[in-house]
Amino acid sequence: MWGLLLPVLRSTRRIKKQGLLLISIISGLVVITGYMFAQGINRVSLFEAETGTLSNVCTSRVDDATAAGAAAVTFVCTPTANPDTPDPTGVLIAAIYPVPTTQAVFLSTNGNDANTGTEAQPVATLSRAISLVPSGGTIVVRGGVYRDSAVALSNNRLQPVSKRFTLQSYLSEQVWFDGTDRVTSWTSDGSGRWYTSWDTPTFCHHFQNFPAGGYYSQVWPWNGTPAGQGPCVHPDMVLAAGADADPQMIFADGSMLTQVRSLAVINTSSFYHDVTQKRLYIGLNPSGRTLEVTKRAMALALEGGSGGNIIRGVGFRRYATNQKHEGSYTAGVLMLNVPNVTLENTIFLDNAGGAVSYVNSTGMTLRRNVFLRNGYTAVLANGTSNTSTTTNGATIEENLFIDNNAGLYGEGCLASCGQAGMKLAHMNGFVLKNNLFEGQRGTAHGFWCDLQCKSGVMVNNVFRSNTGNGLYYEVSESGIIASNLSHDNGEYGIKLGSATTKLYNNTVVKNAQGGFLIYDDDRSPGIGGWTDISANTTGLEVANNVLVLNNTVANHLLRTSDTSPNTGPNTFFTYYDHNAYFRASASVPLTIWKDPMSTNSVFYSLPTLISSKSREQNSQDFTDNSNPLVNMQGGNYGIRPGALSSGAQIPADVASAIGISFGTSDKGALKYWPNGQ
Ligand SMILES: [Ca+2]
Ligand SMILES: [Ca+2]
């Protein structure tokens, strides 16, 4: 879906005042996703026109910027073959942050590490900038592509840094940290293929000491191959047909080549890694092309110290990150094992595994970042509910998670079953608000919180076209899931197996397996050694949801689990009413109610459900293949005025989380981002 002809985007800009954002394209095929924020921070991302999907983001945000005054941004787009000139991938970040006048160290592509680090005397590497910047100071990065990593190697161990600093772009200059090197030496094999000598230089071979801060824990073939024989693999991907188990990547003129598993099947858009001969083969004539080969595992590891780092306005791409999360430093381009780290206006693109690995998630803030086409789950974050009563306090808002799990990970669940746009575990206290989760691949969910998450507030998000569930809240507790739009996902719109959770005012449309799956997990706390899952599912409030044409099997699935002790739909709910169902016909089941598991009660009408279960007395059911949406085909998922009867009064805590006044009793998603009110 992403094209191969990638224009370079250069920007010049004039900021008149805050407020209305005016954008003009001089040349080149681009769609704007524009954001105009308060506090003088402006961020604009440009994506190729053919993606289509992001144009709605643009429309929404630009239309929202209706305050008085104007900011004008002009983009001049001209192609170039120079890989070190931003932005060869067709993605551009522009974030404007003030340049500090004190405690600042400057990094530039024409810098020198012998310099002092002033604006006139910039340094060349991130490591040198970190060593020079005073604690609490700022590293200011000039525009350009930095083929760099600040993770030093010592005694076969990756070395994290422990210093508080801000890392930011210089005004609106475009900054990419890049895991590849350009490779220009290729030899023809006489059979229409070209090769270069390659030995996965900084990953795999030297870091087998998992789990004590190692890199890859398994080597190819991972099962039984002696350590040090490399290359390393993502073990789950070995089992997935067509998946790419080797973190090695090659990009030709900015486009990723597909890695194939035998030389015989190579073609002009793929490459083969000959581990025995230590060669990389391509089937594309390298003459006149830019070939970039991934060389670095990650960019930065923060561990120890007080934390509080801020990373903003920069991009990270093409690092050979790892699938393995537990015990690994390399599950993300950034490994963050300090509290209170903020990521803002960053882009993570085309990394082999994860993008960001939060080992210490306390106080994490993710705001207005783009996580695009990373090989595995873009953001993995672990909280402390299993070891501490301390609130983790994560804030995740206005981020785009798009086309992640591009490497089709997680199919085997050997090393990790975390495939999603974002996965949290043990997170005590978090707000997930106004995010877009779109098109995660393989079997990946949009957003997933698992293993004793607590007090999760998940509101006003859009989940669409993910291959797994849109939103999945698993063996956790005390959540608010409200005013989300979840449509066209491969499994359920929302999958909920967590106690004391309020499920209000969600609109779920055309999800392949069903609108909701509400269940009790086979696991129960304290049974079978499980110490980090929350109580069996009870105390649910489910109201004001609108479920539209979700499948042809059952709109709504409720089930208990296979083992005991457990709960089931007979005991799940403290409140369950005022929902609205839209089915293709009366022959499509309304609700499948399994409690106990051996009893599969299929309800085809509300009266029979009410009669049997004394639930949903005030719900609505339509069986004429209609829908209550303003314009589903046109992408407007708002509820038509008057289409539905009044619902339950939305509880005060839910109304506050959504951002509406108390007293409302409308149904469906009332606010969501992008495109909602
Ligand atoms: Ca690969
Ligand atoms: Ca259970």
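Read the figures in this text as sums done on the coordinates, not as results from a lab. Because the structure is a prediction, the values reported are computed rather than measured. Here the Cβ is made from the backbone with ideal geometry for all residues, glycine too, and neighbour counts use every protein chain on show.
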Exercise. In nm, to one decimal, how far is the modelled label at Asp113 from the one at Asp488, with both set 7 Å along Cα→Cβ?
Worked result: 4.8
Exercise. Which ³J(HN,Hα) values, rounded to whole Hz and listed in residue order, are derived for the stretch 178-184 from phi using the Karplus coefficients 6.51, -1.76 and 1.60 in 6.51 cos²θ - 1.76 cosθ + 1.60 with θ = phi - 60°, glycine and proline given as x?
Worked result: 10, x, 9, 10, 7, 10, 10
Exercise. Each label point is 7 Å from the Cα along the Cα-to-Cβ direction; what then is the distance between the points at Ser135 and Thr268, in nm?
Worked result: 5.8
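Most exposed first by the Cβ proxy, i.e. fewest other Cβ within 10 Å, how do Met298, Met422 rank? Present the calculation step by step, with values, prior to reporting the outcome.
Values: Met298 31, Met422 27.
Lowest count first: Met422, Met298.
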Problem set entry | Long-range HN-HN contacts of Arg640 with modeled amide H, under 5 Å | Leu629, Val630
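Can you sort Met458, Met597 by how many other beta carbons sit within 10 Å, fewest first? List each step's numbers first, then the result.
Numbers: Met458 28, Met597 16.
Going from least to most buried by this count: Met597, Met458.
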Exercise. Tell me, in nm to one decimal, what length is gained between Ser154 and Asn386 on full extension, where the rule is 0.36 nm per residue of separation less the Cα-Cα distance?
Worked result: 80.3 nm
For this session: Would you please give the residues with an amide H less than 5 Å from that of Ile480, counting only those at least 5 places away or on a separate chain, with H modeled from the backbone geometry?
Result: Gly456, Val457, Met458, Lys502
Problem set entry | Lys/Arg +1, Asp/Glu -1 at C-beta; the stretch 340-455 dipole; positive extreme among Ser416, Thr365, Gly353 | Thr365
Problem set entry | Backbone HN-Hα couplings from phi across the stretch 330-338 [Karplus 6.51/-1.76/1.60, Hz, Gly and Pro as x] | 10, 6, x, 4, 10, 10, 10, 10, 9
Seminar exercise, completed: Amide H contacts under 5 Å for Gly383, restricted to residues at least 5 apart in sequence or on another chain and with H modeled in the peptide plane, are Ala425, His426, Met427
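Provide Trp194, Trp530 in ascending order of the number of other Cβ atoms located within 10 Å of each residue's Cβ, fewest first. List each step's numbers first, then the result.
Numbers: Trp194 21, Trp530 14.
Ordered by Cβ neighbours within 10 Å, fewest first: Trp530, Trp194.
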Exercise. If the chain between Asp253 and Ser585 were fully stretched, how many nm would it gain, using 0.36 nm times the residue separation less the Cα-Cα distance?
Worked result: 114.4 nm
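Could you tell me the calculated FRET efficiency between Ser665 and Ile610, based on Cβ-Cβ distance and R0 = 22 angstrom, to the nearest 0.05?
On the way: r = 20 Å, r/R0 = 0.92.
Plugging the Cβ-Cβ distance into 1/(1 + (r/R0)^6) gives 0.65.
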Exercise. Residue-wise, which Karplus ³J(HN,Hα) couplings in Hz belong to the stretch 111-127, taking 6.51 cos²θ - 1.76 cosθ + 1.60, θ = phi - 60°, and x for glycine or proline?
Worked result: x, 8, 5, 7, 6, 8, x, 6, 4, 7, 10, x, 8, 10, 10, 5, 4
Problem set entry | Pair Thr623, Val602: separation of 7 Å Cα→Cβ label points (nm) | 1.3
